[in-house]
Each structure stands twice: as structure tokens, then as C-alpha cells.
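Novice: Encoded as C-alpha cells, here's the structure I'll be asking about.
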Amino acid sequence: MCNLSLLLLIFAYTASTYGHHHHFDSPPMVSTPLGVVKGGISHTVLGKKIYSFRGIPYAKPPVNELRFQPPLPIERWSGIYDATNDGAACPQPETNNTSEDCLLLNVYSTQLTHHANRPVIVFIHPGGYYGSSGKNYGPEYLLDQDIVLVTINYRLASLGFLSTGDKLAPGNNGLKDQVMALKWIKSNIVAFGGNPNLVTIAGYSAGGASVSLHLVSPMSKGLFHRAMIMSGSSLGNWPVPNHQFKLAQKQARLVNCPDTDSAAIVSCLKTKSAAEIGNSLYQFDEFVYDPIMIWLPVIEPDFGQERFLTDNPVKLILRGEFANVPVITSVTAEEFKFVAWNLLENTTWLKEMDENFDKVAPISFIYERDTENSKHISKELRKFYLGSDPLSEKSLPDIGKLYADGVIGFGVNRAAKLLAANNSQPTYYYKLSYQGRFSFHYRENTTQPEGVVHHDDLLYIFYISDFPRLNSTDPEYKTVQRLTSIIRNFAWTGKPIATVNNRPDFTEWEPITPDNNVYLDIDKKLTMKKDLYEDRYSVWEKLFPLS
């Protein structure tokens, strides 16, 4: 028996060591159902100790015969898994440390006891389904709130979203990866101090669109309890096709594969390196740097596989077939407006948009192409936003509004209104208008932000290493406190209350309802306002009717 008592002693000791703060910083060790994980230690802005576990595999590496297949659960490992460094990003151009073996996640916690039982925030990164990675979003701001943060990778571009319309590649593997990560969290997060029954999925841009689809996916049922649809949604004008066979053909041609039929495409693509496929991204541009969205989630035909998306998501919501959970939807004041200025880089681009508006507009503003309806949509949008004059440099601010609304704004607004009308739980809506010193887009040759653009709210939620690390003396820090506390309180209670210095800063954030088209304007002050960009969005509502 003495062996057993020795083991129990060791176990009691490790539990006490890793469950409590010790004066020495030994690396944190966590015992999960899959094996032991060793992490590292960093600190929040306010100096709290963060236990970081980075690059943990949540699915089998999707390589060799598993390429283009749905993810498989990871098997137990023996020994200690070293999670002290960032894992690889999924294949994409101009990025250090990429690998096809990228189905990894990062867990950040400030308390590792099993009974900490904190809500879990799962962040699904932006990047158009073809770029970025979970490791780009650091925990230094959010972890001053008592939550557990998980950031995930999922397969990107053709490796994650190839869809040929048949059983060889029904599509949505990148989204099925996200589901697999949520299943991993359900089974393992207790060991990191998280509550598997209090999971908030938050996604931005393509990640926000992902969240809008997890709401209606049968595969995601029961795996989350709150949702944040941030600056991206699949419930508006973005097409939700049954397949993207033409895109598969294009991918094949770009890496010298035959494009005749799906069998030829898939078998040849399997012989190419992940890097070659990943590096072909920029050759998918069709007009300037557009489309901003290339690979799209698809409604999967039934080949006996587990289907992520079974019908058009708007129809599923109208039929009540979705997860009724509290939701936050959000946009930034200007979103993709700045992209219009790209048209000045080449003298022919503006002219091309002007003369071939019917062809260019659906590429740039992301709606159905090559149909009579598409032409009608283009005509109406041009009339409303741009008038009848030829496009010139003076048109750029208005083209910018088309980018803002077509790529992001209308889809999020439609999500807010659809959920407000059909969700038994409240839906909250915010617009970020606060402009700090930093932004994802500055006026040319200056350090002046050009409005509050796409991604700018992420600067106050995550530490992103391209920017200075904000601390409590920075003027932006109040916004950091507001956004992180909104997320914290929403995760705990389903109510997004902002606090500054632990005092409620603004408590009356009313949900949007069919009779009350309200949103919270987050600026230097917080104010409830009505009818966000309604003059613009009402035009889209007519062009994309719900029926």
C-alpha cells in the first residue's frame, strides 16, 4: 500500500503547488483527461499572474490522408505536453511558423483550481477564413477579469473550406474544426479553472460569421451558452452556396493540378505541399484586393457525413432552429470604409469599377453574382450610394460606405434584427465610436487614425503585438475596462454591464427588440441610440428580403 500513499502525497502536493500562488514561479502543470500539460507564466496589465498554455492540440493533425477530411479527436499523450510556446499558424502567406499541423488552441487562466469554475470565453479569430491565428490575440487585458480565455486555430482557405459539392469535399472543415475545439473545451477546461457549462463563443469578422453559424449548426448544439457576433455575419448579403466548385477548380489550376472534376482536383491537391496551397492566396484576387471574402461556408448536401450547415442560416433562424442564447452583435463606426482608398493605387481601378459596376460591385461588396437579381442589386446600390455621375476621387467616401455596409454592416444589422425578433433570450447591439491613438488604419503617411475601422475594438480587448501595450495610465484604458468588463459580465450573467474601476459605468443597456431598434454607442461616454445607419441598411433590407 505504501506506493499508493506515496502517489496520493505527490498528487496532493502538486495540486497544492499548482492551485495556489507560490513565491517561486515554477511552470504551471495541469492534468487533463488527455494528459499532463506544462504551461508558462506571464502577467496582465494590472500585474496578475497569467498561466498560459499555448499550442495545445485539440484534434489529430489534418495531414496526409486526413487533409480535406473533417477533424478527428486527438488521442491521449503520454509524458508531459510542453505548451510553453506559441504553436504554428495554419498555412498562409507572409507568416512565420506555419504548418498544416495547426489544429491547436491556447488557454489562459489566472486560477487553476478545479473549483474556480469561471466562465470560458472562446475567441474565433478574424482573417476572412484565409489568414491570422489564435496566437495573435493576447490575454493581457481580458485576464484582469475573472474569466478563462481560449483562442483557437482552425484550417484556412482551401485546406479548410474546399467544397466540391460531392462527398469528396462537402465543405466547412474549418468550421468543423471549431466544433472540435468546443468539444475539447467541454471535456478539458475544468482542469484550467473553467466552467464547461458557461461557455461564450466570441468571433470577429470571419469569426463573427462563424458564430452566427454555430447558432444554427446541429453540430454546435449544447457546446456554448452565450454568443458574440462581432463585425461579421453570414445572415446578410454574403452568399451561402451549396458548394464552391469553381473556387476548387481555380485552386487546382494555381498549383498546376487538373481542374476537370472533383476526384482529379482532390487527389492532385493532396500531393501538393500545404505551403504551396497556402501561398497561392493572393492569386485569388479578382478586382484590386477583392473579394475580401473568398471561401465561404456552404449548405452541405447530405452524403451521410455529419453536416455543419443543413440549410440557409436565415431560414433556420426564421424556423426557430437555432440556439436561444444571449447574444451581443457589434460593429465599428467605419468598418471597411478605408478600403475604398485602395482604388487610387492604380489609375484604371476606379474607371473599371465605374464602367463595369455590375461585374465589380458583387465582388467588392460580397453578394450573389451573374444573375438578373445581382444586376438589379448593383443598380439600386449604385443609385442610392453613388448617384448617376461617373465615379471619381470624390466618390471614395461613398464607395467606402458601400464597403462598410456590404462587407460587414448590413450582415450584422440583419443578425441583430433577426435575433431580436426570434430569440427568446436578449440580443444586445453596440457600435464602437471611440477613437484612441491607435488603429488598424491610419491616414496616409500619418499616425492619425482614419476613423474607427474594422478590428479597432480588438485593440481594447486583446493585446495585439503590432500595437503598444496599453496600461492603466493610458487614455485608452477606460475603453479597455469597459469592453473587457462587458465581456466578463455577459459571460457570467448574460447581461453586458460595463464597469470602470469596479463600479458600474452604464447599466441600462437595453436589448434591441422588434419595436425598439436600439444600440449602445461606445464612445468617450456610453449612450443608447436608435436606428443605426437605418437610411443605408433599409436599402439592403429591400434588396435582400427575408422571404
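The values are calculated or read from the model by the stated rules, or taken from the named source; none is laboratory data. No experiment lies behind these values; they were computed from the predicted model shown. FYI the Cβ positions are ideal-geometry reconstructions off the backbone, even for glycines, and counts take in every protein chain you see. Side chains included, ligands, DNA and RNA excluded: accessible areas come from the protein's heavy atoms. Shrake-Rupley method; radii C 1.70, N 1.55, O 1.52, S 1.80 Å.
Novice: Ignoring any ligand, DNA or RNA, what whole percent of the accessible area of the range 241-353 comes from carbon and sulfur when the probe is 1.4 angstrom?
Specialist: 51
Novice: Taking the Cα centre of the chain as origin, sum charge times position over the Cβ atoms of Lys and Arg (+1) and Asp and Glu (-1), and report the length of that vector in debye to the nearest 20.
Specialist: My answer is approximately 1340 debye.
Novice: May I pose another question? Please return the longest stretch of the chain lacking exposed loop sites, where GluC sites (Glu not before Pro) count only if DSSP places them in a loop and at most 10 other Cβ atoms lie within 10 Å.
Specialist: With a cap of 10 other Cβ atoms within 10 Å, the longest stretch comes to 95-443.
Novice: Along the charge dipole of the chain, Cβ charges K/R +1 and D/E -1, which of 196, 171, 421 sits furthest on the positive end?
Specialist: Ranked along the dipole, the leading option is 196.
Novice: Give me the number: length gained by fully extending residue 26 to residue 376, i.e. 0.36 nm times residue separation minus the C-alpha to C-alpha distance, one decimal in nm.
Specialist: Gain on stretching residue 26 to residue 376: 119.5 nm.
Novice: For a quick check of understanding: with a 1.4 angstrom probe and all protein chains in place, what accessible area in square angstrom does residue 114 have, to the nearest ten?
Specialist: 120
Novice: While we're on this one: Tell me the trypsin sites (Lys or Arg not before Pro) within the range 408-438 that lie in a loop according to DSSP and have at most 10 other beta-carbon atoms within 10 Å.
Specialist: none
Novice: For the range 194-294, evaluate the Debye formula with one uniform point scatterer on each Cα (no solvent term) and list log10 I(q)/I(0) at q = 0.18, 0.20, 0.24 Å⁻¹, rounded to two decimals.
Specialist: The computed values of log10 I(q)/I(0) come out as -0.97, -1.03, -1.15.
Novice: Provide the net charge surrounding residue 68, with neighbours chosen by a C-beta distance below 13 Å and charges set as Lys +1, Arg +1, Asp -1, Glu -1.
Specialist: Computed value for this residue: +2.
Novice: What is the Cα radius of gyration of the range 42-147 over 2.2 N^0.38 Å, N being its residue count?
Specialist: Computed over Cα atoms of the range 42-147, the ratio equals 1.18.
Novice: So what J values fall out for the range 174-189 if you push phi through Karplus, 6.51 cos²θ - 1.76 cosθ + 1.60 with θ = phi - 60°, rounded to Hz, Gly and Pro as x?
Specialist: Coupling constants for the range 174-189: x, 6, 5, 4, 4, 4, 4, 5, 5, 5, 4, 4, 4, 7, 10, 6 Hz.
Novice: Consider just the alpha-carbon atoms of the chain and return their Rg together with their Dmax, both in angstrom.
Specialist: Just the Cα atoms of the chain yield Rg and Dmax of 23.4, 90 Å.
Novice: Heavy-atom accessible area of residue 36 with all protein chains present, probe 1.4 Å, nearest 10 Å²?
Specialist: 50
Novice: Once you list every other residue whose beta carbon is under 12 Å from the beta carbon of residue 249, what net charge do they have if Lys and Arg are +1 and Asp and Glu are -1?
Specialist: That works out to +1.
Novice: Amide H to amide H, which residues 5 or more places from residue 124 or on other chains are under 5 Å from it, using H placed in the peptide plane?
Specialist: For residue 124, the qualifying residues are 202, 203, 204.
Novice: Another question, then. Mind ranking 311-318, 462-469, 405-412 by how tightly packed they are, going by the mean number of other C-beta atoms within 10 angstrom, highest first?
Specialist: Order by mean packing, descending: 405-412, 311-318, 462-469.
Novice: Angle between the Cα long axis of helix 372-381 and the longest principal axis of the chain, 0 to 90 degrees, nearest 10?
Specialist: Between the helix axis and the principal axis of the chain, the angle is about 90 degrees.
Novice: Okay, helix-only estimate at 222 nm for the chain: each DSSP H run of n ≥ 4 adds -39500 (n - 2.57), divide by all residues, round to 500 deg cm²/dmol; what do you get?
Specialist: Helices in the chain give a 222 nm mean residue ellipticity of -8500 deg cm²/dmol.
Novice: Anything over 23 Å Cα to Cα? Flag those among 60/167; 38/478; 359/383; 48/478; 49/176; 394/525, in the order listed.
Specialist: Cα-Cα > 23 Å for 38/478; 49/176; 394/525; rest within.
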